Each structure stands twice: as structure tokens, then as C-alpha cells.
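Chemist: Questions regarding the structure given below will be posed in turn.
Read-outs: derived from the displayed coordinates by stated rules, not from any lab. Quantities reported herein were computed from a predicted structural model and do not represent experimental measurements. Neighbour counts are summed over all protein chains in view; Cβ atoms, including those assigned to glycine, are modelled from backbone coordinates with ideal geometry.
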């Protein structure tokens, strides 16, 4: 049986992490544009929820100045399940 991969926002974030996209802090808008270029479509609320659930990302900043997301640790292909 063929397994179908879904285009979830979480999968998109994993893909960006694998490409070292989060090496430097990225704003919500930058992440949204990068996901759109990869073919992932989402609302702002869905992206915010996915970012909060991504264990490999750390949120920096504050509500007034805005939040930025940066990787907690680099992607390691040996850690894949």
C-alpha cells in the first residue's frame, strides 16, 4: 500500500528546518512566505499553532516588538524515526 504524505503546516516546518531555514531568527511573515513558496497554504492562526507545537523551535521577542522563531538545535537526519 502506498503511503500518501499530507501537506500539513507541521510537515512544511520540518522541511524548512531540514534546509536550515531557522538557523537565524525568522519572523512569522518570513516563515509564511517560505511555506507558500514550498506549496503549503495556511491561515495565520494555523501557522501560529504549528509554530507553537514545533519542539525544535524557540520563540524569542515579545508581543509589542513581535516574535521571532529560531531552531533550538540543528536538524540531524540520523534522528529520523
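Chemist: Go through segment 31-57 residue by residue and tally those that are assigned to a helix (DSSP H, G or I) and either surrounded by 15 or more Cβ atoms within 10 Å (Cβ to Cβ) or touching a helix residue (DSSP H, G or I) at 6+ places or on another chain (Cβ under 9 Å) (or both).
Modeler: Here the count works out to 12.
Chemist: Out of all the residues in segment 61-76, is one or more under 12 Å from residue 13 (Cα atoms) and in a loop (DSSP other than H, G, I, E, B)?
Modeler: Within segment 61-76, one or more residues are under 12 Å from residue 13 (Cα atoms) and in a loop (DSSP other than H, G, I, E, B).
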